[in-house]
1. If ARG39 satisfies every condition in (1) under 26 Å from SER85 (Cα atoms); (2) at pLDDT 95 or above; (3) not polar (S, T, N, Q) but one, which is the exception?
2. Within the set of pairs 6 or more residues apart or between chains, which connect a residue that is within 14 Å of ARG53 (Cβ to Cβ) inside the range 20-36 to a residue that is assigned to a helix (DSSP H, G or I) and charged (D, E, K, R) with Cβ atoms less than 9 Å apart?
3. Which residues, taken from the range 47-93, are of a type in the set (Val, Ile, Thr), in contact with a helix residue (DSSP H, G or I) (Cβ under 9 Å, 6 or more places away or on another chain) and not in a helix (DSSP H, G or I)?
Amino acid sequence: MAAKTKKTKSKYSKKSEAQARIAKERIDTLFAEAKNAFREDPSLSHRYVQLARKIAMKYKLKIPSKYRRQYCKHCYRYLMPGENSRVRTREGKLVVYCLECKKYSRYVIKRKLGHRCFSPSHTVSRSSAD
């Protein structure tokens, strides 16, 4: 005799497309405000990032990639290069150091196809016409 399988309803319901669109707009607005407010009140810009993350989690959205590197993944603070973060390139990676929590985040720098600037065998040769 086969066991009966009970279909359970998901605890979290899918949000509508209209709600997701509004949430994306709010995330965009919050990151723009965080950038503007950082000079006067850094704690306010940190709060804007926290709110944007909460909205993204509530509506099950990914924070757009253009904003993903603008906050620390460890302490969730808004990062302003030169003010509270240090940005360096090293071995084909972008290294961001948060001066608030003293943690590093490393991001791979993607090479463009056909672009040979990272290749160690790339040499500049001068033609004999020069």
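1. Only one criterion is unmet by ARG39, namely (2).
2. ALA23/LYS58; ILE27/ARG53; PHE31/LYS66; ALA34/ARG47
3. ILE63
The values are calculated or read from the model by the stated rules, or taken from the named source; none is laboratory data. All of these numbers come straight from a predicted model, not from anything done at the bench. Glycine gets a Cβ as well: all are built from the backbone with ideal geometry, and neighbour counts include every protein chain shown.
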